[in-house]
Amino acid sequence: MWRKTCLSIILAVSVLAGQAQAAETIKLGALYNLTGGMSSIDAPALRGAKLKAQLLNEQGGVLGKQLEVIGYDTKTDQKAAATQAKKALSDGVVAGLGYGDTTFVMAAAPAFQAKGVPFVTSGATHPELPKWVGDYMFMAPFGDDDQSYAIADYTYKVLGARQVVVWTDNSMDFTKALSKFFKERFQELGGEIILEDFFMMGDKDFSAQIARLKNTSPKPDAVFISAIPNEAGLTVKQIRESGLDLPIVSGDGFDTELVTSVPGPELANDVYFSTHTYRGDDRPEVLNFIEEYNKAYGRDPENAFCPLGFDAVGLIADALERAGSTDGEALRDALANTKGYQAVTGEITYARPSGVPVKGVSIISVHDGKYNVEKVWYPEY
Amino acid sequence: MYTLSQRLVFIGLALAGGLLILLMRQFLNDYILSIAGFVGIYVILAVSLNITNGFTGLFSLGHPAFMAIGGYTCAILTFPVQRKGYFLSGLPDWLAGTELSFFPALLIGGLFAALGSLLIGLPVLRLRGHYLAVATLGVIIIVQVLITNMGGITRGPLGLNGLPTLTNLWWVYLWVLITLYLGWKLKFSSFGRSMLAIREDEMAADCLGINLLRTRVQALMVGAFLAGVAGGLWAHLVTAITPKSFSLILAFTIVVMVVVGGSGSITGSLLAAVIFSMLTEAFRPLEESLNVYGIGEIVLSLILILILIYRPIGLFGTSEPGWLSPGKRKSLSGTAGD
Amino acid sequence: MSGGYILQQLVNGLILGSMYALIAIGFTMIYGIIRLINFAHGDVVMIGSFMTLAFLQALGWPFYLVALAVMVGGALVGVAIERSVFRPMRGAPQVTGFIASLALSIMIQNMGILLLTAQPRNFSFPDIFQQVITLGAVSFRMVDLVIMLTAWILMIGLILLVKMTRLGVGMRATAENLEVARLMGININRTIMATFAIGGSLAATAGLMYGGKFGQIDPLLGFVPGLKSFVAAVVGGVGSIAGAICGGYIIGMAEVLFVGFLPPIYSAYRDAFVFGLLILILLFMPNGLFGKKSEDRA
């Protein structure tokens, strides 16, 4: 019996798929983990990406054609990332974009590189990504080194911290890299790491680490927490509830409403993080983006990955216009020559040999549950 | 025993498969080919888990752990020497200077997985039923945590990437054939009968002089060896491997294939593996055009539950289609269909 | 390492253990009656936490009403699961039920993502639960105390229910031998349904507490606690309510103590320790701490 069911499902599917491919469009392959553990990070990015395409299409599209962002769900599974990259390529996409995490980029992007089709990651921040994949690999966000250096500078120079504790999520590459660069810079400046502690993504209870933090002597001046958004609010809440009031510093993993909403405004105090220049910013790009996002989805952007997805499509569209064609090589060259592109998350220029964009990094403070941009940090290059 | 015509059927099927691959490689795009590759890997996994779970009645969820061991071993062995020392600081010099070709690397990967299963199996296989399931589930998590934290050898959570694309359909097909052949031989050998005897009635098997623990461990090791090889094929098809590549969900998927196909039926596992891995892909166009993701999983789980309700022994039960079973005639046994 | 530090870590272990115990009780009850490892139990916890969110924050009901509604809602979910999935499967091999529950779990999680998105949501309990209580060097919150008390009250209540009431006798008889219980005139369907209702209700209550404790919920939250309480139930001996509580405390304590008293780098090995411990316990006590000697061979 179920053979029949399957057959009819497959039939229905193929009919639907046929309809979708009616008009002549420029296709972009957006690879994201829309289900599974990474979906809280990746799904908003795809919404941002689709929004940009929609806005561009309302203004007449790109190169006179409509832009089509096809979302490929890779299910938080690297096997799916590898096959869907190939699927996107066989569907004839002119460029790929996707992912907020390095490990998935590394499963998908090499296929694009091999076919000579550019791939722009919207949220993966490992500074060596372009080196690992090759010259068709581009990053929309800054590198982890930049954001870690920015917050390390701020912690040392502005907060005046000399002795800090570092907490690292040891289950992710992103968080490990972030800690590594933070420690590097902080020690260079003359600061001292007095304790390192670890946890794993998905941990909900940090009581054991907090008890140790409380018992550290000498008393630390600040704690650096390298975590993704899912643990950001939890750590702040639990640390503050335990009565500790030392400054908590972090990177863009803390760029989420959860940092204030989970602990509540009374406990969300003295938190500082470096992130994409977007939150709390009043540049017209940002305000416009938030307004359009609200119009399209009926809510505020969930996290910084929304504008990053939006910017990844923006970068590609901008390069397509300048290249004047959808040819992979021309598009790559145009992308590599991007200068001063006005993205929602700041101005993007590819000027460094590493292929990592030169972008400003916002330092944001949280006091009484309110976000405030303290300064914008620029990398030296 | 096998009749001559049955042997010919086997050889004919194998050749037909080869021809199919030749045609596929000629006419189909990379995407379909990579899907076909994973279908083959799932066949290896399902049939090998069937040797452990289906034949012997052990309920092991440990396959992903063995895949991880085999996959990492294989990937480290084939990793280009010039980048190896830089990426993997913890490797001893002789290993950092070694670069093997694919086949021996796969074999060694499989052997390491089998070795791992021996170490795990000797204590754990004294457990029964659910307890064994829980313990092997623990093994998955322990292996995952160890790989994550042994950065010098495994590169931690980042995993090994930029692996050479060594896996192609021919390699997968070769191992599918080896797996099927092995499964078949085992099932219809005295060892296979011992395994089935343990599954059906442990006490009776014990009385007949079958060494329970040894037979169990051997069954686990055979399954683990093939899982290790599958892990190596997997890694070189994705060209990346991380601690999270092989998860509990994967264990679940493989178990589903075995149960739906029928515990103990090689044909059943083979077909279930093919159908399930293709079905997941079949839902994609629907999800992409409707912009709702996750429907595929929901529908598949639903189908699975329905199968479990209406046909709990799976499509084929323990049997194989009559025209393939040794010592049987066509008329004697009907294929269990749906 | 001061005395205060050691005491605080012990209390942390107790608190975490109570959370696991609370989830494990429902889990072990269902296993005890029909030998089903219900992997979807953790997802009922998730459903419970979202129900709390809806009643408390969206509808603004008073807390006692919310708690009541969540318990009733959880019971309904439990019954629905039993009627639609597990009853038609009754009598099939154990493995069948286990796999079906995994399928159910995946289905619920994906439906959760589809309907609610995977974004974690914040969750605020009434202020009284957030109060910090400090006793000497040790501090904990009201909600932790409530969780611990709830776990204990439920445990005692359930043990009494199973021992003293008609329903309890039916449950024990069904657990002993389904067919014989049926022949003795016990309404099996009703007994098993009641068990699932209680199990679902316990899971949903655990979900409410979970939300209150951590302040953040998402559609995938059930997986890890489900897994851990599964371990807890097995350590305690599946089927034994007192065992589930003990198992919960052992796992909670073990986790916190591993993290608290080993050098920090081992914090990342937390889950490996938990499962290593599990395997060790099983090897030396194959039926768990309180489990009856198991008759089922493989």
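Among the residues making up the stretch A:31-87, none is facing another protein chain (nearest Cβ under 9 Å), assigned to a strand (DSSP E or B) and over 14 Å from residue B:287 (Cβ atoms).
A quick yes/no check of all residues on (1) away from chain A (no Cβ under 14 Å); (2) more than 21 Å from the chain's Cα centre (by Cα); (3) surrounded by fewer than 16 Cβ atoms within 10 Å (Cβ to Cβ); (4) at pLDDT 90 or above:
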{"site": "B:4", "(1), (2), (3), (4)": "yes, yes, yes, no"}
{"site": "B:12", "(1), (2), (3), (4)": "yes, yes, yes, no"}
{"site": "B:23", "(1), (2), (3), (4)": "yes, yes, yes, no"}
{"site": "B:51", "(1), (2), (3), (4)": "yes, no, no, no"}
{"site": "B:80", "(1), (2), (3), (4)": "no, yes, yes, no"}
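Comparison of C:59, C:16, C:36, C:104 shows that the only residue that is at pLDDT below 90, surrounded by 22 or more Cβ atoms within 10 Å (Cβ to Cβ) and more than 14 Å from chain A (Cβ to nearest Cβ) is C:36. If you filter the stretch A:339-354 down to residues that are touching a residue at least 60 places away in the same chain (Cβ under 8 Å) and either out of contact with any strand residue (DSSP E or B) (no Cβ under 7 Å at 6 or more places or on another chain) or not small (Gly, Ala, Ser) (or both), you find that the one that is nearest to residue A:154 (Cα to Cα) is A:345. So the check is Cβ under 9 Å with 6+ separation or different chains; which pairs have a first residue in the stretch C:127-144 that's more than 9 Å from chain A (Cβ to nearest Cβ) and of a type in the set (S, T, N, Q) and a second one that's part of a strand (DSSP E or B) and crowded, with 17+ Cβ neighbours inside 10 Å? Once the first residue is more than 9 Å from chain A (Cβ to nearest Cβ) and of a type in the set (S, T, N, Q) and sits in the stretch C:127-144, its partners that are part of a strand (DSSP E or B) and crowded, with 17+ Cβ neighbours inside 10 Å give C:131/C:141. Of the residues contained in the stretch B:178-197, one or more are found to be more than 14 Å from every other protein chain (Cβ to nearest Cβ), crowded, with 24+ Cβ neighbours inside 10 Å and closer than 19 Å to residue B:108 by Cα.
Going through (1) within 14 Å of chain A (Cβ to nearest Cβ); (2) over 20 Å from residue A:73 (Cβ atoms); (3) out of contact with any Lys or Arg (no Cβ under 9 Å at 6 or more places or on another chain) one by one, residue B:260 falls short only on (3).
Return the only residue of A:307, A:301 being on the phi < 0 side of the Ramachandran plot and not in a helix (DSSP H, G or I). Before you say what the answer is, go through the steps one by one.
Values: A:307 fails: not in a helix (DSSP H, G or I).
So the residue among A:307, A:301 that is on the phi < 0 side of the Ramachandran plot and not in a helix (DSSP H, G or I) is A:301.
Okay, residues lined up against (1) in a helix (DSSP H, G or I); (2) in contact with a Phe, Trp or Tyr (Cβ under 9 Å, 6 or more places away or on another chain); (3) surrounded by 15 or more Cβ atoms within 10 Å (Cβ to Cβ):
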residue	(1), (2), (3)
B:8	yes, no, no
B:44	yes, yes, yes
B:58	no, no, yes
B:103	yes, yes, no
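Given the conditions (1) over 16 Å from residue A:251 (Cβ atoms); (2) in contact with a strand residue (DSSP E or B) (Cβ under 9 Å, 6 or more places away or on another chain); (3) crowded, with 24+ Cβ neighbours inside 10 Å; (4) not assigned by TED's automatic domain parsing to the domain that holds residue A:237, which single one is not true for residue A:331? Just one mismatch for residue A:331, condition (3).
Does the stretch B:198-215 hold any residues that are closer than 23 Å to residue B:118 by Cα and surrounded by fewer than 18 Cβ atoms within 10 Å (Cβ to Cβ), and which are they? Lay out the reasoning, then the answer.
In the first step, residues of the stretch B:198-215 are kept if they are closer than 23 Å to residue B:118 by Cα; the result is B:198-199, B:202, B:205-206, B:209-215.
If the condition is that a residue be closer than 23 Å to residue B:118 by Cα and surrounded by fewer than 18 Cβ atoms within 10 Å (Cβ to Cβ), then B:202, B:206, B:209, B:211, B:213, B:214 are the ones that fit.
In summary, residue A:208 fulfils each of the numbered conditions (1) touching a helix residue (DSSP H, G or I) at 6+ places or on another chain (Cβ under 6 Å); (2) of a type in the set (Gly, Ala, Ser); (3) modelled with pLDDT of 90 or more; (4) in a helix (DSSP H, G or I) with the single exception of condition (3). Take the conditions (1) more than 7 Å from every other protein chain (Cβ to nearest Cβ); (2) within 18 Å of residue C:111 (Cα to Cα); residue B:276 misses just one of them, which is (2).
Are there any pairs with C-beta distances below 7 angstrom linking a residue in the stretch B:290-301 that is within 14 Å of residue C:112 (Cα to Cα) and facing another protein chain (nearest Cβ under 7 Å) to a residue that is among the hydroxyl-bearing types (Ser, Thr, Tyr) and crowded, with 20+ Cβ neighbours inside 10 Å, with the two at least 6 apart or on different chains, and if so which? Partner pairs satisfying both residue conditions: B:293/A:35; B:294/A:35; B:297/A:35. Within the stretch C:264-285, the residues that satisfy the criterion of being in a helix (DSSP H, G or I) and either more than 7 Å from chain B (Cβ to nearest Cβ) or among the acidic types (Asp, Glu) (or both) are C:264, C:265, C:266, C:267, C:270, C:271, C:273, C:274, C:277, C:280, C:281, C:284. One residue stands out in the stretch C:110-126 among those that are more than 22 Å from residue A:210 (Cα to Cα) and at the interface with chain A (Cβ under 7 Å from one of its Cβ atoms): the one that is surrounded by the fewest Cβ atoms within 10 Å (Cβ to Cβ), namely C:117. Scanning the stretch A:261-284 for residues that are over 16 Å from residue A:374 (Cβ atoms) and not in a loop (DSSP other than H, G, I, E, B), we see that the one that is modelled with the lowest pLDDT is A:261.
If the requirement is being of a type in the set (A, V, I, L, M, F, W, C) and either in contact with an Asp or Glu (Cβ under 9 Å, 6 or more places away or on another chain) or on the phi > 0 side of the Ramachandran plot (or both), which of these qualifies: B:35, B:11, B:21, B:76?
Values: B:11 fails: either in contact with an Asp or Glu (Cβ under 9 Å, 6 or more places away or on another chain) or on the phi > 0 side of the Ramachandran plot (or both); B:21 fails: either in contact with an Asp or Glu (Cβ under 9 Å, 6 or more places away or on another chain) or on the phi > 0 side of the Ramachandran plot (or both); B:76 fails: either in contact with an Asp or Glu (Cβ under 9 Å, 6 or more places away or on another chain) or on the phi > 0 side of the Ramachandran plot (or both).
Only one candidate passes the filter, namely B:35.
Evaluated against (1) touching a strand residue (DSSP E or B) at 6+ places or on another chain (Cβ under 9 Å); (2) not assigned by TED's automatic domain parsing to the domain that holds residue A:49, residue A:310 falls short on exactly one condition, (2). In summary, residue B:241 fulfils each of the numbered conditions (1) within 11 Å of chain A (Cβ to nearest Cβ); (2) under 18 Å from residue B:132 (Cα atoms) with the single exception of condition (2).
Residue pairs whose Cβ atoms lie under 8 Å apart, separated by 6 or more positions or on different chains, with the first residue in the stretch A:175-204 and away from chain C (no Cβ under 14 Å) and the second surrounded by fewer than 16 Cβ atoms within 10 Å (Cβ to Cβ) and among the basic types (Lys, Arg), are A:189/A:157. Each residue in the stretch C:168-218 was checked for being within 18 Å of residue C:229 (Cβ to Cβ), of a type outside the set (Lys, Arg) and in a helix (DSSP H, G or I), and 18 pass.
Taking the conditions (1) at pLDDT below 85; (2) part of a helix (DSSP H, G or I) in turn, residue C:238 satisfies each one other than (2). The number of residues in the stretch B:137-155 that are among the small types (Gly, Ala, Ser) and at the interface with chain C (Cβ under 10 Å from one of its Cβ atoms) comes to 1. A count restricted to the stretch A:250-285 and to residues that are within 18 Å of the chain's Cα centre (by Cα) and among the aliphatic types (A, V, I, L, M) stands at 2. Cβ-Cβ contacts under 8 Å between residues 6 or more apart (or on different chains), taken from a first residue in the stretch C:8-33 that is more than 18 Å from residue C:223 (Cα to Cα) to a second residue that is in a helix (DSSP H, G or I) and acidic (Asp, Glu), are listed as C:13/C:255; C:15/C:144.
The values are calculated or read from the model by the stated rules, or taken from the named source; none is laboratory data. These numbers were taken from a predicted model, which means no experiment stands behind them. Every residue, glycine among them, receives a Cβ derived from its backbone with ideal geometry; neighbour counts consider all protein chains shown.
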